[in-house]
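Derivation of every value follows stated rules applied to the coordinates shown; laboratory data play no part. Owing to the predicted nature of the structure, the values given are computational and were not obtained by experimental measurement. Note that we place each Cβ from the backbone using ideal geometry, even for glycine, and neighbour counts take in every protein chain shown.
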Amino acid sequence: MSEPEFGDIQMHVVRPKEPVVGRVVESTPCLKGRSASFVRHVAIDVSGTPLAGTFRAGQSFGVIPPGETDKGKPHPVRLYSISAPTWGDDGEGNVLSTTCKRLIDEFSEEGSDTHDLFVGLCSNYLCDLKVGDEVLVSGPAGKRFLLPSEPEKHDYVFVATGTGIAPFRGMVMELLEHPDGPRKSEVHLVIGVPYGTDLMYDTWFTELAEKHDNFHYHTVISRPEVGRRMYVDQYIVQTSDPFHRVLGSDRTLLYICGIEGMQIGIYRLLQELGVAEEYLKLPDEGLDLATADAATIKRVKPAARCMVEVY
Ligand code: NAP
């Protein structure tokens, strides 16, 4: 079995209590056509700060929104997944980026019949920023959700739901658009979204798949106009060619990013394919993931070839 090594990792070079000033250099919609969601690719120049050149694809950075909480304290830092490759959106490690979705919801107190609009503070602040605006940032954070230092030793299955696609933009870029040429690894990206109009960076991923025979872009729609609802785990189980072969190979690294709870379906499918112990550390020998309750599944941990980032 080939276990990944991650090489040098820098973390918390800039602490949230002493953030540095970055400048927005891009804010563009990630969705094409009309969608009920608003997702923007926001790129921030951190050149001249200690953050420049320190981050890697898959890590996160912090944003400190302006203003104070209702207790009069500065707002706490919010973490965003970096969607840039390690060399940054600028090719020099100076521009980090993220995939930011506006959080808009309705809120009501339990037992009350009143209701209010709830607008996520930091995601809307970030999406509102214009090119040239300053923003306080910290980071980088994260030590395991990374590409290995010898990428060609492995093949890749990246599974995302919604904005969980963010780190995979940078990783796929790093594997296929590397300045030394594309890596030969087999790369699968599986993305699950509610509607076809919610697919992020869709044109770019589609064109990349047309250009590279070793890159496969799989889109999974949970609320199709016609046909069956589908989640990423169901798609992988039923798409036996190539997933049963790829997940059965000891070269493969599995990355899961997105909505909390998505990992459970994937853990179960790994068991169904007979490879659970390749990717997972099970708390009890012989544990049946198909029938295990939520508390038991929480005790399942990813093994060396499985990287999970969900919240
Ligand atoms: P979204 O657009 O609502 O898409 C999520 C998709 O996942 C929908 O198609 C949804 O289907 C489906 N889904 C729901 N439960 C699932 C399950 N148990 N298994 C598989 N698929 C499932 O997503 P979003 O609003 O961008 O939210 C993405 C989430 O990812 C957020 O919670 C965000 O915090 C998290 N995220 C985490 C990281 C990280 O950890 N680094 C980075 C970025 C985003 P239906 O809605 O039709 O049921």
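Tell me which residues, restricted to the range 250-287, are among the β-branched types (Val, Ile, Thr), closer than 14 Å to residue 231 by Cα and outside any helix (DSSP H, G or I). Of everything in the range 250-287, those that are among the β-branched types (Val, Ile, Thr), closer than 14 Å to residue 231 by Cα and outside any helix (DSSP H, G or I) turn out to be 256, 259. In the range 200-235, of all residues being under 18 Å from the mean Cα position of the chain (by Cα) and hydrophobic (A, V, I, L, M, F, W, C), the one that is nearest to the ligand (Cβ to nearest atom) corresponds to 232.
Just so you know, in the range 288-300 the residues that are outside any loop (DSSP other than H, G, I, E, B) and hydrophobic (A, V, I, L, M, F, W, C) include one that is surrounded by the most Cβ atoms within 10 Å (Cβ to Cβ), and it is 297.
Out of all the residues in the range 163-179, is one or more among the polar types (S, T, N, Q), assigned to a helix (DSSP H, G or I), under 30 Å from residue 223 (Cα atoms) and touching a strand residue (DSSP E or B) at 6+ places or on another chain (Cβ under 6 Å)? Yes, the range 163-179 has at least one match. Being on the phi < 0 side of the Ramachandran plot, part of a strand (DSSP E or B) and free of Cβ contacts under 8 Å to residues at least 40 places away in the same chain is a property that residue 158 lacks. Among the residues of the range 164-181, those that are within 17 Å of residue 41 (Cβ to Cβ) and buried (at least 24 other Cβ atoms within 10 Å of the Cβ) comprise 164, 165, 166, 167, 168, 169, 170, 171, 172. Among the residues making up the range 17-34, those that are more than 21 Å from residue 121 (Cα to Cα) and part of a loop (DSSP other than H, G, I, E, B) are 32, 33, 34.
Give 170, 120, 162, 139 a once-over and let me know the one that is in contact with a helix residue (DSSP H, G or I) (Cβ under 8 Å, 6 or more places away or on another chain) and within 15 Å of the ligand (Cβ to nearest atom).
Within the list 170, 120, 162, 139, the selection yields 162.
I'm trying to understand the selection: among the residues of the range 251-288, which are under 28 Å from residue 163 (Cβ atoms) and without any contact (Cβ under 8 Å) to a residue 24 or more places away in the chain? Across the range 251-288, the qualifying residues are 270, 271, 276, 281.
Would the range 191-199 turn up any residue that is among the small types (Gly, Ala, Ser) and within 15 Å of the ligand (Cβ to nearest atom)? Steps first, answer last, please.
Step one: of the range 191-199, the residues among the small types (Gly, Ala, Ser) are 192, 196.
Within this subset, residues satisfying the condition of being within 15 Å of the ligand (Cβ to nearest atom) are 192, 196.
For the range 191-199, residues among the small types (Gly, Ala, Ser) and within 15 Å of the ligand (Cβ to nearest atom): present.
For (1) among the hydrophobic types (A, V, I, L, M, F, W, C); (2) buried (at least 18 other Cβ atoms within 10 Å of the Cβ), each residue gets a yes or a no:
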{"residue": "204", "(1), (2)": "yes, no"}
{"residue": "213", "(1), (2)": "no, no"}
{"residue": "224", "(1), (2)": "no, no"}
{"residue": "228", "(1), (2)": "no, no"}
{"residue": "231", "(1), (2)": "no, no"}
{"residue": "236", "(1), (2)": "yes, yes"}
{"residue": "243", "(1), (2)": "yes, yes"}
{"residue": "247", "(1), (2)": "yes, yes"}
{"residue": "262", "(1), (2)": "yes, yes"}
